[in-house]
Each structure stands twice: as structure tokens, then as C-alpha cells.
There are 2 protein chains.
Amino acid sequence: MTVSKVVRACADVGPETRKRVLARINELNYQPNWVARSLAARRTFMIGLIVPDLMHSFFAEIAKGVSAAIRPLGYDVVICNSEEDCAFESSEIDRLLARQVDGLILASAQPPSWVDVFERIEARGVPYVLIDRRFPDVHAPYVGADDEAIGRLATTHLIERGCRRIAHIAGPPFAPGVGRLKGYREALAEAGLTVPDSYVDHAKDDATGYEAARRLVVLDPRPDGIFGYNDPTATGAMKAILEAGVGIPGEIKVIGVGNVHYSDLLRVPLSTIDQGSATIGQQAAEILMKTIGSKRRRQPRTVIIEPTLILRESTAR
Amino acid sequence: MTVSKVVRACADVGPETRKRVLARINELNYQPNWVARSLAARRTFMIGLIVPDLMHSFFAEIAKGVSAAIRPLGYDVVICNSEEDCAFESSEIDRLLARQVDGLILASAQPPSWVDVFERIEARGVPYVLIDRRFPDVHAPYVGADDEAIGRLATTHLIERGCRRIAHIAGPPFAPGVGRLKGYREALAEAGLTVPDSYVDHAKDDATGYEAARRLVVLDPRPDGIFGYNDPTATGAMKAILEAGVGIPGEIKVIGVGNVHYSDLLRVPLSTIDQGSATIGQQAAEILMKTIGSKRRRQPRTVIIEPTLILRESTAR
DNA sequence: CTGAAAGCGCTAACAC
DNA sequence: GTGTTAGCGCTTTCAG
């Protein structure tokens, strides 16, 4: 039909005809059926975004950035929350694939060597870009921060502020967690500092960060600095520290990563490392759209967002 | 095809045949195309969720609740962020409708009397349920809190704690904002308290809440209690108050609404009113699924979640 | 229990 | 510029 062309604003249609069609469309309250369109055109104009935790404002901000970037191009985004559960994530990805999304952006909770999921995506020929969590063996575009740099930056900052017994609440054993842990170790080594093994604990969110800090705070000797692998863990840690009657930043200095929007409203405003979350979302979306647009697989691009230190009271002298 | 039946787990297929089909499916790595399925079956197994702000953890939690409730039933949710912009919201709704979602859950940013959007939804025969923000003229299921009760509860609490000059940072002039404002006025009247007009200011998030509080804190006489219409505004307000060198809760007591998850980690832990956000999402989803399931339009159900007071330091004696 | 026939609402490619 | 012919990959209905 000519109608189809009018709806899609194709150029090759007479202005008079177009007017007539438009009028009738309005009259009938016609709305094109995107499902049928998707089937015929073999594109859905939908992309999937998978994040491990929507409650973490870092990811909510990324979602916003992605959304803002693709909306003007006529795309919608389906947001999925994997709850940091890799099996669940895997099944979510399959569903999105079955729904024929045109592309995928994922902050994956997969274990580092578990490339099975990515192979499935590639088998379907669906372009995707990784964010926040990098997988060395996966040959795909990546947008995120340099986690080792983050780890070094945070740890070095604590050292500069006079901390000598620096503990680390590390994340789950993949992606951003391992890089930051490595950066932490490097910075320590560089400064000639050594710490007991018990100074490295693990957590994944505010609740577990709280638990981890409760363990750290009773160690002897007690740490005088704690680097949390993200803001929620650092925030939870601060709660535990203060509850134990220990002063921040007097007795223990704390730093996190992510610069969540309420950081400076906390009981003790939290020093943190900004990763440019909105930028990550936006850049990832742009790369994805570019990939979708061009037929040929270009060289996967990697964008590293420079981390910046945000100084607040939790690491004040 | 018989394959179709196997995929959908229809009962009427021989166990032997099923086995063969399944084997071949696995072999070919076959995955059904949901777009084609949706077109033929006239259902997408997709529902839309529209919220005004994903960064507000209240809505993120609702999204989580909705998602958790519908996932097991084979549905997916498309989350849209309206940015509190009613024109944008309206166009988002149209897109979701064009994508043939089976249902809609919305926390709408429409002005109270602007029922046009809802009529469009109904014209398409798509079931929907309203959450958080109620529209008196719209005959649809609603799940949310009783905003007047919330306003009364918060204000009464401040009065009980000894406040006499209670200011209110009201929300945008619709849905939850007006109810809470009304409850505030009622509680004040009931206690025989009067306040100058300037004690009621407006905001919509943490940034504007901060601005509002800067205006309130310089009033003469200065308020001794502030009721923020949600936690972000109350949080922003606290920042402004503390910056002005005024003590919380000593000189001004503050209460919010929403019980965002970091409330008790704030500089001054924030007293608030819990609305049961996860429950809202879950209940809304259940009602929607029930409506989708049954052919006939049943009487729209309304679920009012009982608000509960969460006491923290910001309103301590 | 199995499969053939028809069609969901649209777009692609091509002829008029 | 316009309309025609196919067919996207599935489900529905109903006959074998």
C-alpha cells in the first residue's frame, strides 16, 4: 500500500496523495502495528539492556543514558534486571534474542571465562556491546572504566591521606571486582605496603558491605582505610563502622566507586570515584547504533572512560 | 506444525513424537520467533511500565516488583521513563500501544483532568492499572497509598514531636502531591495550627527540594518542621538546612515519604513514611494479569497500601 | 494425536 | 508516483 510509505515517511509519494492518506489515518485513528512491521521488515527497533541491579543508581543512570541516546532514532529499550544471577541473566538474554532485538547492551554477571552466552548471541548475529564489566576473551565493543586505574586511584588516595593499613571490600570475583582488586594490590606494592590477607573481604551491595565491614572493624590491628569496590558496599561499610563507634574519617577513612547521586548527603559524605555513568550508557548506545547501521562488522571499539576522584569528608585529613 | 505445539507444551502430542521434535530442536539450535508468534497469536506477552523517574529508588523498586511478578507467567516488561514530562509520556504510551503490549502499568505524570491518554488506551482495549498517582475521573484499577493519610500521618507526627511551625515542600500539582498537601492541611487544621502561605513551597526531586529548603530556612519566623512530599525532596532539603548551619532535628525536624533504601545512611537518618513499594509493583502486576486473563471487564479494583511511619533521627525529640 | 489450509498486518522488490 | 505480488514465521481451525 501507499499508506505504508506515508507512515514511514518515504520520499516517493505525491504531496496530494500523502495529504489524503494522512487525513484518512487521522479519521480512522489508525496506528501501525509494530509487531507486523517488525516481522516483515526483520527489525524490531528494540534493543535490550541487561544490568545486574536497577536499584544501584549507577545502572539506573546508565539506563537513562542509553534510553536518551536511542529514543530519537526511533528505538525502544527493554531493560532487564539480572539480579547478579548469571543463570537468570542467560535466560533473559535468550528471551530478548527470541524477541528479535536489534542489539544488546550488557553489564554481564557471567563468570569471567564463561563465554557461552556471548557465543549464543554471536551465533544469532545480533550486535552487542559490553559495559562496566569486561571479558578479556570476548571480542566485542566495550565501554566502561579502567578498573585497575580505579583501584590504583582509590588506594593511592588513601595512602596519600596517611592511611597505612588499607583494607579492601572486593566485589564478586569477576569483571569490575577483579580489576579494582588488582589495582589495589598494585598501589599497595608500589608504596611498599603489605597487609594481612584478612584485610581483603568480599561483598556485592550495601547489605553485604555492612557485614564485611563488621568483620574488618574488629581486626587487630584495625584498618585505618577501607576501599569499597562500589558505593553501595562503601556506604554499608560506613554504617557498620559508625555503629561500632569508630570515627570516619578520624579513625578509618573510606572511599567508594560510582559517585551515586546521594553520596554527598550521607551521614559522612562519601569520597568516591566517578565513572561517568550517563556517558557510559550514551556511548554504548552510540556504538551499538553504529554497528546496527553498518552491514559490515567493523573492528570492535573500546572506550575507556577516565575515572575521576571526588573528594568528600570520608577521606578528609 | 506439530513443532509449534511441542514448543508451547501443548498436551495433545504423542510422547514419542515430542521426543523426536525436541531432539531436532536442540540439534538445529532452533529458537521460536516471538515476533511472528505475537503476530499470529495476537498477544505479545509484553507489558509496559511507565514511571516518572527511574533514579528514584521508589520506582526502581516498583519495577523490580512488577518484573518479579510477571516473569514466571512468561511475560516481559518494557520499562519507560517519562522524566515527569506528560507529553513525552503520552508519546511513549502510544509507542507501547503500537507495539501491542498486552497491558500497561502507569505512574502517570499527566495533569489531573487530562484524561485523553487514558481514553486512547481504552479505545485500543488494552487493560491498564494506575499506580502511585490516582486520577479520580479515570475508571481503572489503582494500587498505591492513601496520600491524604500519608500527609496527615507525617504532619501529625511532627506536631506530636513538638513542631508548631510546620512547612511543606509539596510535589507537582497532581496525583500524590495534592493528596499529601491536603492531608497536611487537614492535620494542621485539626491541631488548630495556622501557618503563613509561604510555608508551602514546591519541588519535585532532590535538586529542587534543596532550592525550596533554601527559601524556607530564611523565612521569619523560621519553620521548626518540614514535611517533604517524598524522600528525595526531603533529602535535598536536609542538605540545604545543614548548609545553612541549622540543626536537624534540634532546630528543624524533617520527614519524607517513600523510605528509599539509603534513608538510614544519610547525614541525618531520615524519618519517612513507607509505602510498600515492592508490594505496589507486585499487586499492580497481579491485578493486570488477572484482567488480561479474563475476557470480561470486571469491576476495577482499588488497593490501598497502608502507610507506616519509619522513625529515624531527623524527627527525634 | 497429527498435519493441511488460511491468514495475522505489514514491507520488499518490482512492475505499471 | 503508484499499486502489485510475495512472503516474514508463526498460530488457529479443522479435517484426516
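A short reminder: the numbers here are calculations on the coordinates, not readings from a lab. Note that this is a predicted model, so its numbers are computed, not measured. Cβ sites come from the backbone with ideal geometry, for glycine too, and all protein chains shown count toward neighbours.
Here are the numbers:
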{"read-out": "Top-ranked residue in region A:3-57 [being polar (S, T, N, Q) and free of Cβ contacts under 8 Å to residues at least 60 places away in the same chain; ranked as farthest from A:LEU106 (Cα to Cα)]", "value": "A:THR17"}
{"read-out": "Qualifying residue in region B:12-24 (condition: within 12 Å of another protein chain (Cβ to nearest Cβ) and either part of a loop (DSSP other than H, G, I, E, B) or in contact with a strand residue (DSSP E or B) (Cβ under 9 Å, 6 or more places away or on another chain) (or both))", "value": "no"}
{"read-out": "Evaluation of B:ARG71 against (1) within 12 Å of chain A (Cβ to nearest Cβ); (2) over 23 Å from A:GLY65 (Cα atoms); (3) touching a residue at least 24 places away in the same chain (Cβ under 8 Å); (4) assigned to a helix (DSSP H, G or I) (one fails), failing number", "value": "(3)"}
{"read-out": "Every residue from region B:21-38 that is surrounded by 13 or more Cβ atoms within 10 Å (Cβ to Cβ) and among the basic types (Lys, Arg)", "value": "B:ARG37"}
{"read-out": "Residue that is nearest to DNA strand D (Cβ to nearest atom), among those in region A:9-19 that are exposed (fewer than 11 other Cβ atoms within 10 Å of the Cβ) and within 45 Å of the chain's Cα centre (by Cα)", "value": "A:ASP12"}
{"read-out": "In region B:78-128, residue nearest to A:VAL101 (Cα to Cα) [restricted to those that are among the hydroxyl-bearing types (Ser, Thr, Tyr) and within 16 Å of the chain's Cα centre (by Cα)]", "value": "B:SER82"}
{"read-out": "Every pair of residues 6+ apart whose Cβ atoms lie under 7 Å, when the first sits in region A:107-124 and is at positive phi and away from chain B (no Cβ under 14 Å) while the second is among the polar types (S, T, N, Q) and surrounded by 13 or more Cβ atoms within 10 Å (Cβ to Cβ)", "value": "none"}
{"read-out": "Residue in region A:258-270 that is touching a residue at least 24 places away in the same chain (Cβ under 8 Å) and away from every other protein chain (no Cβ under 14 Å) present", "value": "no"}
{"read-out": "Extreme residue, surrounded by the most Cβ atoms within 10 Å (Cβ to Cβ), among residues of region B:39-57 that are of a type outside the set (Lys, Arg) and within 8 Å of DNA strand D (Cβ to nearest atom)", "value": "B:LEU39"}
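Condition check ((1) surrounded by fewer than 24 Cβ atoms within 10 Å (Cβ to Cβ); (2) within 15 Å of the chain's Cα centre (by Cα); (3) part of a loop (DSSP other than H, G, I, E, B)) across all residues:
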| residue | (1), (2), (3) |
| --- | --- |
| B:VAL254 | no, no, no |
| B:PRO269 | yes, no, yes |
| B:ILE273 | no, yes, no |
| B:THR279 | yes, yes, no |
| B:SER314 | no, no, no |
